[in-house]
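One structure is given below, encoded as structure tokens.
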């Protein structure tokens with residue numbers, strides 16, 4: 001009985017120490033890209049510049065930060081990989097490029113006229 005309790009306590013302690021990729025940070029990057037897409041329909045130059053910064057610069061910084069945090073976490077013996085992490089980073093990078101394109105075109109058009 002004591003061995004079973006000790007094994008359960010050890011398994012619980014190990015589970016509480018498990019670390020994985022920083023998925024919350026990637027989610028915040030997606031929130032930034034989605035917020036930027038809401039600004040695409042505006043006609044104000046300032047809002048397009050803000051949308052460009054929020055939708056392309058911030059997500060790319062988030063990709064770099066998430067990869068750095070993941071690298072640090074991978075050194076832990078309790079690291080649990082998540083297959084969605086790399087796909088999430090790729091999708092976030094694509095969303096950032098799309099957001100940049102949707103904001104840069106109106107900015108360039110306004111500056112050219």
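Of the residues screened, residue 44 is not one that is at pLDDT below 90 and more than 21 Å from the chain's Cα centre (by Cα). Scanning the range 39-49 for residues that are free of Cβ contacts under 8 Å to residues at least 12 places away in the same chain and either more than 12 Å from residue 107 (Cα to Cα) or surrounded by 20 or more Cβ atoms within 10 Å (Cβ to Cβ) (or both) yields one hit, 41. Of the residues making up the range 94-110, just one is in contact with a helix residue (DSSP H, G or I) (Cβ under 6 Å, 6 or more places away or on another chain) and farther than 15 Å from residue 53 by Cβ, namely 110. Of the numbered criteria (1) farther than 30 Å from residue 21 by Cα; (2) in contact (Cβ under 8 Å) with a residue 24 or more places away in the chain, the one residue 52 fails is (1). Taken over the range 46-84, residues that are closer than 19 Å to residue 97 by Cα and in contact with a helix residue (DSSP H, G or I) (Cβ under 6 Å, 6 or more places away or on another chain) amount to 12.
The values are calculated or read from the model by the stated rules, or taken from the named source; none is laboratory data. Bear in mind the structure is a predicted one, so any value in this text is a computation, not a measurement. Don't worry about glycine lacking a Cβ; one is built from the backbone with ideal geometry, like all the others, and counts go over all protein chains shown.
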